[in-house]
Each structure stands twice: as C-alpha cells, then as structure tokens.
Amino acid sequence: MTLLTVENLTVAFPGRRGTVNAIEDVTLSVSPGEILGMVGESGAGKSMTGAAIIGLIEPPGGITQGEIRLEGDRIDNLRPEAMRRIRGRKIGAIFQDPLTSLNPVLTVGEQLIETIQTHLKLSKADARERAIDWLRRVGIPAPEARIDTYPHQYSGGMRQRVVIALALCAEPRLVIADEPTTALDVSVQAQIIALLRRLARETGVAVILVTHDMGVIAETADRVAVMYAGRIVEVGSVAEVLTAPKHPYTSGLMASIPRIGPRPDVLAQIEGAMPRPNARPEGCAFAPRCPHKMDICLQQRPKLEGSEEKSVACHLIEEVSV
Amino acid sequence: MLGFLIRRIIQSIFVMLTVALIAFMMFRFMGDPVNSLVAENATTEERDAVRERLGLDQPIWVQYGRFVARASTGDFGLSWRNARPVSTLLSERFPATAELVLVAAGLSLLIGIPLGILTALRPSSLSAQSLQLLSLIGISLPTFVTGILLILIFSVWLGWLPSFGRGTVIDIGWWSTGFLTVSGLKALILPSFMLCLFQLTLIMRLVRAEMMEVLRTDYIKFAKARGLTNRSINFRHALKNTLIPVITIFGLQLGGLIAFAIVTETVFQWPGMGALFIQAVSFGDVPVMAAYLVLVSLIFVIINTTVDLLYAVLDPRLRVDGTKSAH
Ligand SMILES: Nc1ncnc2c1ncn2[C@@H]1O[C@H](COP(=O)(O)OP(=O)(O)OP(=O)(O)O)[C@@H](O)[C@H]1O
Ligand SMILES: [Mg+2]
C-alpha cells in the first residue's frame with residue numbers, strides 16, 4: 001500500500017486581485033521507505049506542496065481542491081489538534097536553514113526531549129536516553145555531554161544533524177526534507193545527504209527530498225517529480241526521468257547540468273522565465289519557453305498521464321501515443 | 001563574567017564621578033553660598049571665616065574631592081531650607097517613592113505582558129484591536145492629564161479612592177510602609193496606575209511586536225512541524241525569546257519611572273523624593289537637589305548593570321562559559 005497519496009491538490013491564496021493558485025492539480029504518491037526527489041525552479045511550488053502535506057499552509061492560504069491521504073486516511077481535513085498529533089509523529093519536516101531552525105534559548109536536549117515526550121509516552125529519563133541515542137545516530141560526537149549545550153555551540157553542519165534528529169526522534173513514517181543542504185558549506189552537504197540516506201534505509205522512513213541538485217537526485221532518490229509553475233510536469237523513476245526525460249522542461253533541466261565526461265555538453269539554458277502564479281497562460285505554462293510548442297499548447301492544459309513508471313503532462317506525448 | 005562585572009563597575013564609577021561633578025557645579029551656579037549663610041551686613045572678616053570653615057577657600061578640585069568623599073558616605077550636608085541633614089530628608093522620603101515605583105513597575109509587567117501576548121496571538125480579534133487603540137491613547141496622553149482624570153472620576157465623582165497622600169503608614173525601622181493598611185493600599189492605587197500607564201502600554205506594544213516577530217521565525221515553524229502543542233510553542237518557545245529584549249527595555253524604563261514619579265507625586269501630593277525635589281527646586285535648595293541627582297543616578301546605574309547581567313544569564317548566546325563550538 002502507498003504511504004502517502006496526494007490527489008488533484010490545489011492550494012490558493014486570496015489576494016487583492018482575486019485568488020492565485022500557488023500549486024494546482026498536484027498528484028503524487030510515496031511508498032513506504034521510498035525517497036521521492038522533487039525538483040523545479042524557484043517558485044515552482046515544491047515547498048508549498050510540502051507545507052500542504054504537513055498541514056502548515058499559512059493563512060489566508062488554504063487547500064481549495066483535492067485530497068491528501070496518509071496510510072489510506074484523509075489528513076487534509078483534520079481538525080488542528082488531530083493534525084498536530086500527526087506532525088512529528090507520522091510526518092516530519094526538515095527545513096533549509098539549520099542556523100535558524102533551532103530555538104536559541106533552549107538546549108538541544110530540551111528540544112529533543114520535549115518532542116519525544118509530546119508524541120511518545122516516555123518518562124523524562126527514558127526520553128533523555130532516546131535523545132542521546134538519536135544524537136549518536138546522527139553523528140554528534142560525545143552526545144552525553146553535547147545534549148545539554150545550546151544550538152549556538154554547534155557548527156552549521158552539526159546543527160543540521162540535530163535538526164534531522166529532531167525530525168526523526170518520534171519515528172515518523174514520512175519526512176519532508178526541503179532543501180536540507182542549501183544553506184550548508186559544500187563540504188558538509190554530501191555528508192548530510194549521506195546521513196539522510198543511511199537513516200532512511202535504517203528506519204524505513206520515506207523521504208520527500210526537495211533539492212536543486214540533480215546529482216543528489218541521481219544518487220539518492222528512487223523516483224523524482226519535476227514541478228513547473230505550480231504543477232507536476234513529469235514524475236517517474238529516477239532512471240527513466242533522468243536518462244530519458246519526456247517533458248521538454250525536464251530535458252532542458254537535464255541539459256543545463258554541467259557534465260564531466262566524454263561528451264562535454266554546452267551549458268544549455270532554458271530561455272525565458274517561469275510565469276508568476278497570477279500570470280500563468282491559459283494553456284501549458286511552459287509553452288512560451290518550449291522549443292516544441294504547438295497550437296494546442298496555447299489553448300489547453302496538458303494532463304499528467306502515464307504509468308506508475310512514468311507520467312508526463314505534455315501534448316507532445318499524447319501526439320505520439322494517439 | 002567576572003571580567004564583565006569589573007568592567008561594568010569601573011564604568012559605573014566614572015558615570016557617578018561625572019554626575020557628582022554636575023551636582024558639585026550646581027553649587028557654583030547658584031552664586032556665592034556664603035551670601036546666604038551670613039548676615040546681610042557681615043564684615044569681610046566674618047565672611048572669610050565662614051568661607052574657611054566651609055572649606056570654600058580651597059582650590060576647586062580639592063573642594064570637588066571633598067564633595068565626592070562626603071557624598072560617598074551619604075553626607076550631602078544640611079538643607080539650606082530647614083537646616084536638617086539632606087540624607088535624613090531623603091531617607092524619610094525614599095520609602096514613599098520606592099513603594100510607588102515598585103507597585104507601578106509590577107503593574108506594568110503584570111498587565112502589560114499578558115495583554116501583549118493576547119494581542120500578538122490574536123492580532124485580528126476585536127479585543128486585540130481595541131487594546132491597540134487604547135494603548136495608543138495611553139502612550140500619547142500626557143500623564144498629568146490621566147492623573148487628573150483619574151482623580152476626577154474615582155475621587156471626586158465616585159468617592160472611592162483618596163486623591164492625595166499616602167493614607168496611614170506604618171513604620172518598620174526607618175522605612176515607612178503603606179502596604180500594611182487598607183488606607184495605605186487604597187492610596188497607592190491611583191498614583192501607581194497613573195505612573196505605570198505609560199510603561200504598561202509601552203510593554204504591551206513591545207511584547208506584541210516582539211512576539212509577532214518571534215512567531216514568524218524558522219524555529220517556531222520547525223516547532224510546529226514537530227507537532228508541539230500550541231501552549232508550548234507560545235509560552236515556552238516564543239515567550240522566552242520575546243521576554244529577553246523586553247527585560248532590557250523594562251530595566252531602562254524603571255529608571256524612567258523614578259523620573260516620572262516627580263510628576264505623579266506632584267499631582268497626588270505624594271510625600272516622596274520627587275515632591276521633595278520639586279520643593280527644593282522652588283526654594284533653590286541646592287544640597288537637596290544635588291543629593292537627589294546623585295541618588296537617582298546611582299539607582300539608574302545599578303539597574304542598568306543588573307539588567308545587563310540578567311540579560312547575560314537569560315540569553316545563552318551571551319553566556320561566556322568556555323564551551324567553544326565544535327565541528
Ligand atoms: N504566503 C503566500 N501568499 C501568496 N503566494 C505565495 C505565498 N507563499 C508562496 N506563494 C507562492 O506559491 C508559489 C510556490 O512557492 P514555493 O515556496 O512552494 O516555491 P518553491 O518551489 O519551494 O521555490 P524555492 O525553490 O524558491 O524554494 C510561488 O509562486 C509563491 O509566489
Ligand atoms: Mg522552497
């Protein structure tokens with residue numbers, strides 16, 4: 001059974017000039033233990049999809065369409081208190097900036113122990129044991145001593161390890177990691193990704209990994225979803241999507257990665273910019289930048305269609321398959 | 001921490017020496033004090049005798065040194081008005097001001113912080129909006145106007161509370177307290193409310209602004225994403241971060257309360273140091289004015305140092321405890 005399914009999800013924000021859809025008609029699923037990569041340029045709606053799943057869309061925004069199911073049960077229409085119990089316990093989150101994700105006036109231990117005790121019926125002493133254990137698992141040296149220190153006494157990479165421990169300490173089934181290494185030194189980025197991958201394998205937690213780094217996707221993810229202008233344009237196994245991209249946008253993304261190899265590609269850039277949510281064209285949002293655009297692309301939005309192995313939202317594909 | 005403390009104490013000593021210099025200069029600006037000490041028709045010899053007895057024939061820096069030496073033992077000489085020791089006058093008046101300021105400070109925290117939290121957590125609620133409006137009035141209305149309004153309503157029209165004085169006070173050693181009698185407590189209500197109103201609104205607005213700021217931070221978002229309860233997020237995670245800067249401002253305002261007490265004491269004929277100071281000004285009673293200046297400055301300096309120390313205790317980032325960040 002799939003762990004998480006998101007169907008036709010639309011998140012809208014009321015604005016001065018009518019509502020704008022931050023994401024539109026997003027459909028995706030995550031299986032237990034799977035790592036789903038999520039890519040797309042800034043503003044594509046990756047973070048918003050994560051926020052919707054964990055139930056933390058900031059008012060006045062809200063879900064206007066679609067549903068989210070966790071282990072078969074709907075979680076998009078839960079009361080706030082019920083959703084709170086799911087956060088941390090069933091679905092965890094890791095944010096971009098470890099320097100600002102930890103409360104500066106509470107010790108690392110206080111933050112871990114509180115999170116553990118909120119979700120698991122454990123005594124303070126047991127929770128502390130568990131907290132120390134988690135610090136050890138994420139690679140903090142001398143955790144018995146470090147547990148009583150404050151976040152500012154940790155380096156950036158160490159803080160992100162603490163953040164990971166905090167996200168996983170109540171043993172959620174799914175964790176949404178939103179660009180977990182963007183704010184870190186290049187030298188520690190790989191370590192943090194390796195840690196995430198190892199913990200995912202050890203604990204069986206599924207991960208939605210938002211990143212701009214295609215290399216990380218290639219090494220880490222099982223499947224990948226490509227977002228553009230609030231929609232998923234292509235989703236499928238990493239092997240399929242990365243080696244044989246079907247959507248022109250994905251092809252463009254792939255081509256823009258500098259490669260070291262026998263065939264030094266020219267660094268291809270996709271011309272133009274992604275339309276803002278309030279200025280999306282009527283048809284395919286990528287059409288204005290698309291090298292293969294047809295008449296139909298300007299009139300009709302392509303649907304996300306395909307198989308488990310790979311789905312694409314592009315009129316080109318329909319052309320071919322019809 | 002110790003180095004910090006020593007540095008602060010040395011700074012404080014410099015501040016106090018400067019204040020003492022200003023206080024000392026006041027005597028000079030008031031003209032030749034000998035004039036007011038001898039008879040109108042005194043001879044030059046008589047004048048010189050007085051001058052010599054008071055040490056006024058010495059070079060100015062020697063006089064300043066003596067002034068500092070005597071001031072540091074609490075000796076400011078005799079009041080020019082009624083020839084009683086200035087230190088006695090001040091210590092008689094000190095409890096009245098201290099109790100007034102203490103109650104006002106307590107009220108401003110006790111009311112200001114909860115109201116600030118309330119308006120921060122529900123910024124668009126009707127009560128929050130009306131509190132914001134009221135606080136704007138509270139912050140912009142001159143305090144003597146609110147004082148007079150309070151007297152008009154609660155003393156003149158309703159007759160519930162006294163409009164002047166401290167009520168019955170009980171002496172405990174040299175301290176006279178109004179806390180132990182009903183009339184003493186009733187007498188405290190209006191003046192302390194008038195005095196605290198400005199700080200109260202300031203603290204409320206400050207707590208509100210700080211808290212709203214803190215609630216937008218990443219660590220609060222992350223706390224929510226971990227499923228912590230709203231109570232813990234608001235009152236453990238957010239409030240602690242909110243109160244750290246509030247404490248600094250409050251400490252600084254505490255000095256302001258003592259200064260503002262002059263107005264309150266005048267409106268309510270409160271027998272405190274502020275009222276004494278106003279009298280001293282109108283009579284040109286320089287020793288009392290100088291002593292008041294030095295004493296209030298000393299209180300300011302002590303409060304500021306305490307606030308800085310407290311800040312270091314509360315904010316772990318400022319604690320210098322030798323533990324360096326590891327990698
Ligand atoms: N509070 C808000 N009100 C209105 N629109 C919003 C709000 N927050 C986000 N959006 C819109 O939602 C869209 C998706 O934003 P989102 O943060 O999910 O992008 P992203 O893919 O995570 O980008 P990045 O790579 O920069 O993190 C953007 O177009 C943004 O303008
Ligand atoms: Mg984002």
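What follows is calculated from the coordinates using simple rules that are stated; it is not laboratory data. As the structure is a computational prediction, the values presented were derived from the model and not from experiment. No Cβ is skipped: glycine too gets one built from the backbone with ideal geometry, and neighbour counts run over all protein chains shown.
List of remarks:
- Only Lys, Arg, Asp and Glu carry charge here, each on its Cβ (+1 for the first two, -1 for the last two); on that basis the protein assembly as shown has a dipole of about 660 debye about its Cα centre.
- Cβ crowding within 10 Å, taken as a proxy for footprinting-reagent exposure, orders A:MET274, B:MET26, B:MET194 from fewest neighbours to most as B:MET26, A:MET274, B:MET194.
- When Rg and the Kirkwood Rh are both derived from Cα coordinates, the Rg/Rh ratio for the range A:1-49 amounts to 1.06.
- Once the C-beta distance of B:THR306 and B:ILE10 is scaled by a Förster radius of 25 Å, the resulting FRET efficiency is 0.95 to the nearest 0.05.
- Expected-Rg normalisation [2.2 N^0.38 Å, Cα atoms] applied to chain A: 1.04
- Charged-residue dipole, Cβ positions (Lys, Arg, Asp, Glu), the range B:94-283 about Cα centre, Debye nearest 20: 900 debye
- Residue order, fewest to most surrounding Cβ atoms within 10 angstrom, among A:HIS315, A:HIS212, A:HIS247: A:HIS212, A:HIS315, A:HIS247
- Taking a ≥ b ≥ c as the square roots of the eigenvalues of the alpha-carbon gyration tensor, the range A:1-89 is classed oblate because a/c is 1.5 or more while a/b is no larger than b/c.
- Taking all Cα pairs closer than 8 Å and separated by 6 or more residues, the relative contact order of the range B:94-283 comes to 33 percent.
- What you get for the range B:2-72, charging only the Cβ of Lys and Arg (+1) and of Asp and Glu (-1), is a dipole of about 640 debye around the Cα centre.
- Leading residue at positive end of dipole, the range B:94-283 (Cβ point charges), from B:ASN230, B:GLN269, B:THR168: B:ASN230
- Look at the stretch A:94-107: the mean tally of other chain Cβ atoms within 10 Å of its residues' Cβ atoms is 5.
- Using a cut-off of 24 Å between Cα atoms, the listed pairs A:LYS46/B:LYS221; A:LYS121/B:LYS240; A:LYS90/B:LYS224; A:LYS310/B:LYS221 include A:LYS121/B:LYS240; A:LYS310/B:LYS221 as exceeding that distance.
- Efficiency of FRET between B:LEU314 and A:SER31 - r from beta-carbon atoms, R0 56 angstrom, step 0.05: 0.75
- DSSP-defined antiparallel bridges as percent of all bridges, the protein assembly as shown, nearest 5: 65 percent
- Restriction of the GluC sites (Glu not before Pro) in the range B:10-69 to DSSP coil positions whose beta-carbon has at most 15 other beta-carbons within 10 angstrom yields B:GLU40.
- Exposed loop positions in chain A were taken to be trypsin sites (Lys or Arg not before Pro) whose DSSP state is not H, G, I, E or B and which have at most 16 other beta-carbon atoms within 10 angstrom. Between these positions, the longest stretch is A:122-258.
- For the range B:224-327, a/c is not less than 1.5, where a ≥ b ≥ c are the root eigenvalues of the C-alpha gyration tensor, and a/b does not top b/c. That puts it in the oblate class.
- Under Karplus coefficients 6.51, -1.76 and 1.60, residue-wise ³J(HN,Hα) of the range A:157-173 in Hz, glycine/proline x: x, 5, 5, 5, 5, 4, 4, 5, 4, 5, 6, 9, 5, 9, 6, x, 8
- Summarising the amide proton neighbourhood of B:LEU161: residues at separation of 5 or more, or on other chains, whose placed amide H is nearer than 5 Å comprise B:SER155.
- Taken one residue at a time, the phi angles of the range B:301-318 give Karplus couplings (6.51, -1.76, 1.60, θ = phi - 60°) of 4, 5, 4, 4, 5, 4, 4, 4, 5, 4, 4, 5, 5, 6, 9, x, 5, 9 Hz. Gly and Pro are set to x.
- Taking one quarter of the surface of the convex hull spanned by the alpha-carbon atoms of the protein assembly as shown gives a direction-averaged projected area of 41.8 nm².
- Normalised by residue count, the range B:2-72 yields a Cα convex hull volume of 82 Å³ per residue.
- Three-way shape call for chain B based on the alpha-carbon gyration tensor, with the a/c threshold at 1.5: oblate
- Relative to the compact-globule estimate of 2.2 N^0.38 Å, the Cα radius of gyration of the range A:106-170 comes out at 0.98.
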